[in-house]
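Student: This is the structure I want to talk about, given as structure tokens.
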2 protein chains.
Amino acid sequence: MEERQISKAVIKRLPRYYRYLGEILNSGVERISSGELSNKMQVTASQIRQDLNNFGGFGQQGYGYNVKYLHDEIGKILGVNRIHPMIIIGGGNFGHALANYDFEKDGFVTKAIFDVRPELDGTAIRGIPVMMMDQLEDFIAREPVEIAVLTLPKSRVVEVAHRLTRCGIKAFWNFAHLDLDVPEDVVVENVHLSDSLMQLSYRISNYEEEQR
Amino acid sequence: MEERQISKAVIKRLPRYYRYLGEILNSGVERISSGELSNKMQVTASQIRQDLNNFGGFGQQGYGYNVKYLHDEIGKILGVNRIHPMIIIGGGNFGHALANYDFEKDGFVTKAIFDVRPELDGTAIRGIPVMMMDQLEDFIAREPVEIAVLTLPKSRVVEVAHRLTRCGIKAFWNFAHLDLDVPEDVVVENVHLSDSLMQLSYRISNYEEEQR
């Protein structure tokens, strides 16, 4: 595969390709043309060809794509072909909901949930232990942890992110409604729910204009 | 304000402007230059000027932006200056977590949560009633509902979205890991958590390359 400079827009679309190809694979289809994929995904066929060309193409002119090969290769690009141990900070409803999610199938394995409420100490969610925040440093020293999921109140998240960074955590999945200021070698992926709702309300408000 | 054709990328950035301006406003600052805003938001000043020019500018050369005015105007563009009644479909951990969120401050007011589990009937989350799915049509006929929040299993979401569409719901905030196929006049904003995690793992895997 050649040296690449891939745009953020393409990277944003890759998980969606991965998801659709996974479904197509599960339905037993072995080869798919960009046209068929285009129909399913509601993306133009030329967009699909262009996107996949970023990664060396994968397809043979006239023969379509080998679904399994393409799925696996995109999986490798996304890094879901290996295990990503995670911890969830915050055992509230949100942390609880995330712990119940089936992220394991893509390699994201939650090892522990951390909270400050003593009544949660020693409990478990789907077999995942809930621990106290004062055990955080020990746990990370003992167990490999790649991603910290932050489901904390805005007022506490900055301090906790610092603490995690000091422990060597290099990746945050941040649900707090705040942009974290982290060292250069740390990656943060934000899920800002209010921002998403506002985009929805923008689209509701501007729907009629969009149609013109 | 002149006739506009605003790119999706700009619209994606608007909620973030709104959030930062809200914080600046709360800290008592009345005017801000694009340079200062740029420092806070880690976006270039020229990007800020360009983005805001899409909406007629708001700023006076050399005087900076009036924070309150800019905040309010962006709020109007995003449609958060009015009330958006919502219902949450699915009273599991995720629906529960969303019901506990403070979305009201931006006008998103949850009116009811719907579920199928009889033991939840008549309960409430933060004062918001939990109702049974067989009351859905009656409720929507009786109460104004703009947005339906879908926190259902993938296997049930398609049928429920159809049902809601038949009731006249035109906006979905979809947390199910599936792209909904909806009529043209319905808007859907997806929060695909797995996709977000995969983008994080892509960035972890490609961090070293990014630095070169």
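Student: Taking chain B as a Gaussian network, where each spring joins two C-alpha atoms under 10 Å apart, which residue of B:TYR18, B:TYR202, B:TYR69 fluctuates the most?
Tutor: B:TYR202
Student: Moving on to the next point. For B:ALA141 paired with A:SER196, estimate the spin-label separation in nm (one decimal), with each label point 7 Å from Cα along the Cα-to-Cβ line.
Tutor: In this crude label model, B:ALA141 to A:SER196 measures out at 3.3 nm.
Student: Something else about it: Between rounded, prolate and oblate, where does the protein assembly as shown land on the alpha carbon gyration tensor, with a ≥ b ≥ c its root eigenvalues, rounded for a/c under 1.5, else prolate if a/b exceeds b/c?
Tutor: rounded
Student: Right, something else. Filter A:LYS12/A:LYS68; A:LYS12/B:LYS76; A:LYS105/B:LYS154; B:LYS12/B:LYS68; A:LYS12/A:LYS154; B:LYS76/B:LYS105 down to the pairs with a C-alpha to C-alpha distance above 18 Å, please.
Tutor: With Cα atoms farther than 18 Å apart: A:LYS12/A:LYS68; A:LYS12/B:LYS76; B:LYS12/B:LYS68; A:LYS12/A:LYS154.
Student: With a cut-off of 8 Å between alpha carbons and a minimum separation of six or more residues, what is the relative contact order of chain B in percent?
Tutor: 13 percent
Student: Still on this structure: Taking R0 as 60 Å, what's the FRET efficiency between A:SER46 and A:ALA124 from their Cβ-Cβ distance, rounded to 0.05?
Tutor: On the way: r = 50 Å, r/R0 = 0.83.
My answer for the efficiency is 0.75.
Student: Shifting gears a bit: Taking the label point 7 Å from Cα in the Cβ direction, how far apart in nm is A:ASN66 from each other copy of itself, listed shortest first?
Tutor: Distances between equivalent label points, in nm: 6.5.
Student: Among all the aspartates and glutamates, which ones have a C-alpha under 13 Å from B:LYS170's C-alpha, if same-chain residues fewer than 8 places away are not counted?
Tutor: Qualifying aspartates and glutamates at Cα under 13 Å: A:GLU208, B:GLU146, B:ASP181, B:GLU184, B:ASP185, B:GLU189.
Student: Once amide H atoms are built 1.01 Å from N in the peptide plane, which residues 5 or more positions from A:VAL187, or in another chain, come under 5 Å H to H?
Tutor: Hits under the 5 Å cutoff: A:ALA171, A:PHE172.
Student: How much net charge surrounds B:ARG156 when only other residues with a Cβ under 12 Å from its Cβ are counted (Lys, Arg +1; Asp, Glu -1)?
Tutor: Working: positive: B:LYS154, B:ARG163; negative: B:ASP115, B:GLU159.
That works out to 0.
Student: List the residues of the stretch B:14-34 that lose 50 Å² or more of accessible area once all protein chains are present, compared with their chain alone (1.4 Å probe, heavy atoms only, no ligands or nucleic acids).
Tutor: Flagged in the stretch B:14-34: B:PRO15, B:ARG19.
Student: Can you give the calculated 222 nm mean residue ellipticity of the protein assembly as shown, where each DSSP H run of n ≥ 4 adds -39,500 (n - 2.57) and the sum is split over every residue, rounded to the nearest 500 deg cm²/dmol?
Tutor: -13500 deg cm²/dmol
Student: Got the B:ALA124 label distances to the other copies yet, label 7 Å along Cα→Cβ, in nm, shortest first?
Tutor: Label-point separations across copies, in nm and ascending: 3.7.
Student: Using a probe radius of 1.4 Å on heavy atoms only, what accessible surface per residue do you get for the protein assembly as shown? Whole Å² is fine.
Tutor: 49 Å²
Student: Take every residue in peptide A:184-197, count the Cβ atoms of other chains within 10 Å of its Cβ, and give the average of those counts.
Tutor: Mean shielding by partner chains, rounded to a whole number: 6.
Student: Are there GluC sites (Glu not before Pro) in the stretch B:133-212 that DSSP marks as loop and that have at most 15 other Cβ atoms within 10 Å, and which are they?
Tutor: Working: sites: B:GLU137, B:GLU146, B:GLU159, B:GLU184, B:GLU189, B:GLU208, B:GLU209, B:GLU210; in loops: B:GLU146, B:GLU184.
Here the sparse-neighbourhood loop sites are B:GLU184.
Student: Continuing with the same structure: Could you name the lysines whose alpha carbon sits less than 16 Å from that of B:LYS40, not counting residues in the same chain fewer than 8 places away?
Tutor: Cα-Cα hits under 16 Å: none found.
Student: Considering only B:VAL43, B:VAL145, B:VAL157, give the residue with the highest GNM mean-square fluctuation for chain B, with springs between Cα atoms whenever their separation is below 10 Å.
Tutor: Looking only at B:VAL43, B:VAL145, B:VAL157, the biggest GNM fluctuation is shown by B:VAL43.
Student: Determine the percent antiparallel among the DSSP beta bridges restricted to chain A, to the nearest 5.
Tutor: Expressed as a percentage, antiparallel bridges in chain A total about 20.
Student: Highest GNM mean-square fluctuation, chain A, Cα pairs closer than 10 Å: which of A:ASP102, A:ASP185, A:ASP51?
Tutor: Looking only at A:ASP102, A:ASP185, A:ASP51, the largest GNM fluctuation is found for A:ASP185.
Student: Carbon and sulfur: what percent of the stretch B:1-154's accessible surface (1.4 Å probe)?
Tutor: Percent of accessible area from carbon and sulfur atoms in the stretch B:1-154: 48.
Student: A follow-up question, please. Return the FRET efficiency for the residue pair A:ASN66, B:ARG156: r is the Cβ-Cβ distance, R0 is 25 Å, and the value is rounded to the nearest 0.05.
Tutor: The value I calculate is 0.15.
Student: B plus A alone minus the pair: what accessible area, both sides summed, probe 1.4 Å, in Å² to 100?
Tutor: Details: alone 13190 and 13180 Å², together 20570 Å².
Buried area between the two chains comes out at roughly 5800 Å².
The values are calculated or read from the model by the stated rules, or taken from the named source; none is laboratory data. Here the structure is a predicted model, which is why all the values come from computation and not from measurement. Cβ: placed from backbone, ideal geometry, glycine included. Neighbour counts: every protein chain shown. We work out accessible area using only protein heavy atoms, side chains counted, and drop any ligands, DNA or RNA first. Shrake-Rupley method; radii C 1.70, N 1.55, O 1.52, S 1.80 Å.
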